Each structure stands twice: as structure tokens, then as C-alpha cells.
Amino acid sequence: MNLNNSPVTQHQFQGHDFHLKRDDLLHSHFNGNKARKFAELLETDLTNVTQLVGWGSAQANSLTSLAALAKIKGIKLKYFVDHKPAWLDQNPNGNYRAAKELGAEIISLKEQLGPNAPHPHAYIQANFASSTNSYIVPEGGRFQSARQGIVQLAEEILSWSRFEKNKKIKVALPSGTGTTALYLAQVLAPQGIEVLTCPCVGGKHYLMQQFDELGDFSYYPTILELENKHHFGKLYLKDYEIWRLLQDETHIEFDLLYDPMMWRCLLPWLSDNPDASLLYIHQGGLLGNETMLPRYRRKYDAPKDEW
């Protein structure tokens, strides 16, 4: 499988020119940052492993990628969630649907063990950490094994940058765990390319904690924030509006969960930095729109014929 060398396209948004690294086009199931994070795992010899074990939300982008990876390797995926909506099995959609179709076993600990069930991470550590036939993948792919694929992405960006001589190149992407942005900064910052990100899960302090848990580093991304607190997964009209504008002006679908916040941070930054040459990384996540878009439409009553 070729999980690298995604194309770079050129666009304009709200009067700002930018380039787009199309990692969303890498593969139907391995795209975006998960393709990069799991690139090394895809190449790893798992001969003695019978199952991958992971955890997260029932609609996490990593769920689909792990399910596909397990299927390719001919092993099982056992994926633990704290809980999942009761209706989801009757009406599967998004990443949950795709993962189930790929054969994933998705287990709600609250359904299995009751309201006092432990956190999935604690449960996995207690029950699978010593297993010789299980390979544990941290939530969101936040582990050092993610470095190989992200370094490959950084090298592709450096190759592209050679055609953009004498420009102040900035690379932008939103952060969940911050793993991709952090590893990119280690390669790009020494070459004079600043990495910009925003904390989509928690604030700046939480994101810095996520960085520190991966180890000690010489370079860090520049963290942009909104003026007001932004709660992960909550529906915001401004997010919805900027997502629609992005699609209207670029004719490309972006993720509804992460990308709107990054672009809300980027637009004022771009106005303050008119000499910057922006490369935005499209990190995939479009399966999540299958669930997010109906929620937005219900809340803000967007006429369906506008889409």
C-alpha cells in the first residue's frame, strides 16, 4: 500500500491564497493523519499477534483505520469505548458503521460492566498489557510509533517547499492529541518552516501536556487559540458557517470536527501575516461528517437543497 506522496493543490479562501496537502486522498480507509500515524504499524511484523486492542470514542477516525489494518493483517480488532448510544447498533453510521463492516468488535464497558466500569485505558492495561498475542494501540494513535509516518509527511513537505523558494512557508493543521503537529515540528522547524496548530480537545495547557507525555523535544508547534473556549464535539454556528464557506470556495469537503476551529484561528492570523505562504494539511476524517452534518442540520435547520 502506498501511503505517501499525496498531492498538493492550490486554493483561495476568504481572499487568502493557500496550498492544500491532500492526505485525505491517500487511501479509502487509511487517510489523513491516521495513515501517517499507523504507517509503521502497517509494516510491522505481527506474526504472533492475534488481535489489536484499542480504545476511544465510537466515532473516532482511528477506529476505522485500525479496523482496516486488522483486516489487512488477518487479525481481530477489539476496540473499547466508555459507552455508545443505544440506537447506534440499530442505525450504524460514520466510523462506527465502517469499522463494523470491516469486522471490528466494539465493546461498551458500561454496557458490559455497568455504570461503575473503569475507563477503557485502565481496563485494557489491567487485562491486556501482559498479553503476548495482543498489540495495544493508544487512543488516537498517540505513540512513538507514529513518528515514522509523520516524518515521511514532513519530508514530502520539504520536497515541495523547494519549489516555493524565498517564501515564508507555514504549515497548519488542527490538533487532537497533537502528535502529528509535534513530530512535524521536529523536522520542519530546523528548516525554517513554522508549524501552526490549535487545541481542539481541551485548551493550550492540555495540548502542551499531551506533547510532554510523548517525550522531551527541541521544537514545538505554534499554538493558535480562539478568544472564547471551544468545547470538543459541541455544535457551533460559526464552525458550521466556515465549513460551508470552505466547501463553497474550494469545492473540497473538510472535516466538521477539527478543521472549522483551525480555520477560525487561521483567518485572523493570515490577516496579521500577509507575507506567509500557507500549506494546510487535510487530515481526512470525512467519515465523521456522516454523523456531524445531520446534527448541524437539525440544530440550525439548513435547507437540504443548499447542499
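Quick check: is even one residue across region 281-289 in contact with a strand residue (DSSP E or B) (Cβ under 6 Å, 6 or more places away or on another chain), touching a residue at least 60 places away in the same chain (Cβ under 8 Å) and surrounded by 12 or more Cβ atoms within 10 Å (Cβ to Cβ)?
Yes: one or more hits.
Phe38 passes all but one of (1) modelled with pLDDT under 95; (2) more than 18 Å from Gly140 (Cα to Cα); (3) within 17 Å of the chain's Cα centre (by Cα); which number fails?
(2) is the only condition that Phe38 fails.
Can you tell which of Ser65, Ser57, Ser6, Ser28 is assigned to a helix (DSSP H, G or I) and among the polar types (S, T, N, Q)?
Checking each option against the conditions leaves just Ser65.
What number of residues in region 142-172 are surrounded by 24 or more Cβ atoms within 10 Å (Cβ to Cβ) and out of contact with any Leu (no Cβ under 8 Å at 6 or more places or on another chain)?
The qualifying residues number 1.
Could you say whether any residue in region 259-276 is closer than 16 Å to Asp17 by Cβ, in a strand (DSSP E or B) and at pLDDT 95 or above?
Yes, the conditions are met somewhere in region 259-276.
Give region 101-118 a look and list any residue that's touching a residue at least 12 places away in the same chain (Cβ under 8 Å) and closer than 16 Å to Trp55 by Cα, or say none.
Gly103, Ala104, Glu105, Ile106, Ile107, Ser108, Leu109, Lys110, Glu111, Ala117
Would you mention how many residues in region 190-222 are crowded, with 19+ Cβ neighbours inside 10 Å and not aromatic (Phe, Trp, Tyr)? Walk me through it before giving the result.
Within region 190-222, the first condition is being crowded, with 19+ Cβ neighbours inside 10 Å, and the residues that meet it are 193, 195-201, 207, 210-211, 221.
When the remaining residues are screened for being not aromatic (Phe, Trp, Tyr), the result is 193, 195-201, 207, 210, 221.
Qualifying residue count, region 190-222: 11.
Might you let me know whether region 117-131 holds any residue that is under 17 Å from the mean Cα position of the chain (by Cα) and aliphatic (A, V, I, L, M)?
no
The values are calculated or read from the model by the stated rules, or taken from the named source; none is laboratory data. What you see is a predicted model; the values in this text were computed from it and never measured. No Cβ is skipped: glycine too gets one built from the backbone with ideal geometry, and neighbour counts run over all protein chains shown.
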